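The values are calculated or read from the model by the stated rules, or taken from the named source; none is laboratory data. Predicted model, so just to flag it, every value in this text is computed and none were measured. Neighbour counts are summed over all protein chains in view; Cβ atoms, including those assigned to glycine, are modelled from backbone coordinates with ideal geometry. Keep in mind that these areas ignore ligands, DNA and RNA; they rest on the heavy atoms of the full protein, side chains included. Shrake-Rupley method; radii C 1.70, N 1.55, O 1.52, S 1.80 Å.
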Amino acid sequence: MDSDLNENADCLDDALARDVVARIQERTDEHAAAVAAKVAADAAAVDAMLRTDDFAPSPEQAEGLRKIVHWFKHETHVKQVFRLFGYAGVGKTTLIKRAIKELGLNIHALTGGVVFMAYTGKAALVMAENGTPARTIHSQIYRVSEPTKAEEDRLKAEIAQMRADTARMDEFQQDLAMRRLGQLQRRLDEVYKPGFHVNPESPVKDAALIVLDEVSMVDMEMAQDILSFGIPVLVLGDPGQLPPIRGEGAFTQCEPDVMLTQIHRQAEGSNIIRLATMARMNQPIPYGAYDKYVIKALKGEYTAEQFMQAGQLICGMNSTRLHLNNAMRRIAGADILPSDPKHKIICLKNNHQVGIVNGQFVSLSEIEPDTSISFKAKVKTEQGAELGKLRVYNGHFEDHNGLDPDRSKKDHWDKKKLGLVELTYGYAITCHKAQGSAWDGVIVWDDGLGRTVDDRARWLYTAITRAKKCLLLLS
C-alpha cells in the first residue's frame with residue numbers, strides 16, 4: 001500500500017512539474033512574442049518614416065537607421081556601445097540626426113536627453129554652430145586637478161639629492177638609483193600637465209544617450225572613463241582618420257555595427273572625395289588639375305604670397321609649421337609678435353574661463369607690452385565674440401624665431417599665475433590641430449609625415465578631407 005501511495009505521489013509530482021514547465025514555457029513564448037511584436041512595430045515605424053519623411057536615405061543608411069533604433073530600444077542592457085562608421089561624404093551626421101528624431105530624444109534636455117561630445121574643442125564648436133549643443137569630452141566628464149609649484153620643487157630636490165648620493169654608492173646601488181632617477185624625471189616631466197579625474201556628478205550621468213563624434217582620437221583610458229557612467233554610447237567614427245598621438249583609437253579597434261560606404265549624392269562628383277579615397281587606399285595621386293578647384297602640384301610651383309589668398313595651409317610636422325608660418329607672417333608684415341588684427345592667430349589651449357577653445361582662430365587688436373613673457377591685446381573670436389583685453393603668452397610666437405623645447409615648462413608657473421591665453425600664428429597648422437575642422441579652401445603641404453604606410457595614408461586622407469570646396473595638394 002505504501003508503494004502505491006509513493007507511486008501516486010511521484011505521478012502527482014511529475015504532473016505538477018510538467019504543468020510548471022508548461023506555464024513557464026507559455027510565459028516565455030508570450031514574452032518572446034511580445035518582444036518580437038515590439039521589434040516589428042519599431043521597424044515598421046522606421047519604414048513608415050522613410051516612406052513619408054523628406055529624408056531620402058540610401059539603402060545602407062536606411063538599414064543603419066533600423067539597427068540604431070533596434071539597439072537603443074532593445075539591446076543597450078547587454079551592449080553599451082553602437083559603432084557607426086563611415087568615410088568622408090557618406091552622411092553619418094545626417095543619419096544620426098534622423099535616428100535621434102526617430103527615437104524621440106531631446107538634444108537640449110539635461111535629464112533623459114542626448115549628450116553630444118567631441119574630442120577637440122574646435123570639433124565641439126563646429127557641432128554647436130551646426131545646431132548640436134556639443135562640448136569636449138574633457139569639459140563634460142572630468143574634474144581637473146592642477147599641479148602645484150611645491151610638488152615640482154619637491155621632485156627637483158629629491159632628484160638633486162639622489163644624484164649627490166650616487167657618488168657614495170656601489171655599482172649595484174648606483175644601478176637601482178639610476179632607475180629611480182629615471183622614474184622621478186618622468187614624474188617631473190609630467191608635473192606641468194593637469195590631472196583629469198572622472199566627475200561622478202557630470203550631467204552625463206542623467207542622459208539617455210551619449211553621442212561621441214571624432215571618435216578616432218579617443219584612447220583606451222578615456223573610453224573606459226566614458227563607459228563608466230553606464231549610459232548607452234553611439235560613436236561616430238571614420239576609420240581612415242588619424243588615431244590619437246599616442247596609441248590607437250579605442251572605439252575604432254572593433255568592427256563597426258554599421259559601416260557606411262556609399263558616397264552621398266552631393267559628394268559623388270567631388271574630386272576632393274576622389275583624392276581622399278585614393279589617399280586612404282594608399283594609391284598614388286597623379287599630378288595635375290582634376291577640376292578648376294582641385295589640383296595636385298609641385299611645391300615650387302606656388303609661392304607663400306599665393307598661399308595667403310588660397311585658404312588654410314595644413315602640414316605634418318611642427319618644424320614645417322614654423323617654417324611656413326615664418327614665410328607667411330613676414331608677407332603679412334608681422335614681426336615675431338603680432339601687431340595687426342589681420343594677422344592670422346590660432347588658440348593652442350582651451351581656456352573656458354575666457355571662452356576660447358583649442359583650434360579656434362582669433363584676431364588681436366590694441367596690442368601692448370605686458371611682462372617679459374606676455375603682451376596684452378583685445379581678443380575677438382572667429383565667430384565674432386569680443387573677449388575683452390587678455391594677457392597673451394608670447395612664448396609660442398617666439399618659437400618662430402628660435403624653438404626652445406623647454407620654454408613652456410620654464411614659464412609654466414608664471415603662465416598660470418598671470419592667467420595667460422596661449423596663442424600662436426595660424427597661417428599653417430598641423431593635421432592633428434586641424435582634426436574636427438573644415439575650410440572652404442585648403443592647401444595640403446605634404447612633408448612626408450608617417451612612420452608606416454598606414455600612418456601616412458591616414459595623415460593624407462585626414463588632411464585632404466579638411467577641404468570643403470577647394471584643394472591644393474603640394475608634394
Open item on the list: Given points 7 Å out from each Cα along the Cα-Cβ axis, report the ASN282 to LYS205 separation in nanometres with one decimal.
Closed with: 4.7
Task: Loop sites in the stretch 367-475: trypsin sites (Lys or Arg not before Pro), DSSP, at most 13 other Cβ within 10 Å - done: ARG451
Open item on the list: Using a Förster radius of 45 Å, what is the FRET efficiency between GLU368 and HIS323 based on their Cβ-Cβ separation? Nearest 0.05, please.
Closed with: 0.95
- [ ] Go ahead and run the numbers for FRET between GLU158 and ASN271, Cβ-Cβ distance against an R0 of 41 Å, rounding to 0.05.
- [x] 0.10
Task: FRET efficiency for LYS342 and ASN130, using Cβ-Cβ distance with R0 set to 22 Å, rounded to 0.05 - done: 0.20
Task: Residue pairs, from the table LYS342/LYS380; LYS73/LYS205; LYS296/LYS342; LYS296/LYS469, whose Cα atoms sit over 21 Å apart - done: LYS296/LYS342
Task: Inter-probe distance in nm under a simple model that places probes 7 Å from Cα toward Cβ, at LEU110 and LEU227 - done: 2.9
TODO: Give the residue from ILE210, MET162, VAL198 lying farthest towards the positive end of the charge dipole for the stretch 127-235; charges sit on Cβ (+1 for Lys and Arg, -1 for Asp and Glu) and the dipole is referred to the Cα centre.
DONE: MET162
Open item on the list: Ignoring ligands, DNA and RNA, please state the percent of accessible area on the stretch 376-475 from carbon and sulfur, probe 1.4 Å.
Closed with: 47
Task: Contour minus Cα-Cα distance for GLN353 and LYS149 (0.36 nm per residue) - done: 71.3 nm
Task: Per residue solvent-accessible surface (Å²) - the stretch 240-321, probe of 1.4 Å - done: 57
TODO: Pop out the carbon and sulfur fraction of the accessible area of the stretch 216-334 as a percent, whole number, probe 1.4 Å.
DONE: 51
Open item on the list: Let me spell out the model: positive unit charges on the Cβ of Lys and Arg, negative unit charges on the Cβ of Asp and Glu, origin at the Cα centre of the stretch 225-370. What dipole size does that give, in debye rounded to 20?
Closed with: 460
Open item on the list: Before I look further, what does the stretch 68-138 give for accessible area per residue, probe 1.4 Å, in whole square angstrom?
Closed with: 41
Task: Hydrodynamic radius (Kirkwood) for the stretch 393-475, which is based on Cα pairs only, to one decimal in Å - done: 15.0
- [ ] Tally up the carbon and sulfur contribution to the accessible surface of the stretch 113-212 as a whole percent, 1.4 Å probe, everything protein left in place.
- [x] 52
